[in-house]
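Asks: I'd like to ask you about the structure that follows.
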Amino acid sequence: NMNMGIGNKILILHGNRQTGELLLGRLTKLQKAVNKELQLEFVAPDAPFLYADGDEDLEESRHDNNDSASSLQWQRTWWHRKGNTYHGLEESITKIEQLWNNDGGFVGI
């Protein structure tokens, strides 16, 4: 390992209505190049919350994309938005902080 004791992982965070697995799937080519050139691994955890009926972002997305409820059951979010309030944001930050501290070896987000 060329990093000589320095971490070798990059923490990447997916967007709303995604999962870590979906994001990694979309980044396969980039991840291979980064791993080959820099010996860095991508780590993409799932957000802690499932999308729920009534999430304002969800309602907008349903209108725009005509997604069915069944296709949304596995989709994750980092918070539930109601107006200017983001419920669960603190829990998400805590989850990311715990992963960073407990898993170790991260060099960036």
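None of the figures in this text is laboratory data; all of them are computed from the coordinates on show. Quick caveat, the model's predicted, so the values are computed rather than measured. Please note: Cβ atoms are built from the backbone with ideal geometry, for glycine as well, and neighbour counts cover all protein chains shown.
Asks: For a quick check: sort Ile12, Ile6 by the number of other beta carbons within 10 angstrom, fewest at the front. Each step should come with its number before you reach the end.
Replies: Working: Ile12 16, Ile6 9.
Listed from fewest to most nearby Cβ atoms, that is Ile6, Ile12.
Asks: Per-residue counts of other Cβ atoms within 10 Å, averaged by peptide: what ranking do you get for 23-36, 74-87, highest first? It would help to have the intermediate numbers written out before the result.
Replies: Working: 23-36: 12.5, 74-87: 15.0.
The peptides rank, most packed first, as 74-87, 23-36.
Asks: I've got another one for you. Rounded to the nearest 0.05, what FRET efficiency is calculated for Asn84 and Leu13 with R0 set to 25 Å and r the Cβ-Cβ distance?
Replies: Efficiency for this residue pair is about 0.70.
Asks: Please work out the FRET efficiency for the pair Lys95 and Glu41, using the Cβ-Cβ distance as r and a Förster radius of 22 Å; give the result to the nearest 0.05. Walk me through the numbers on the way to the answer.
Replies: Values: r = 19 Å, r/R0 = 0.87.
E(calc), rounded to 0.05, equals 0.70.
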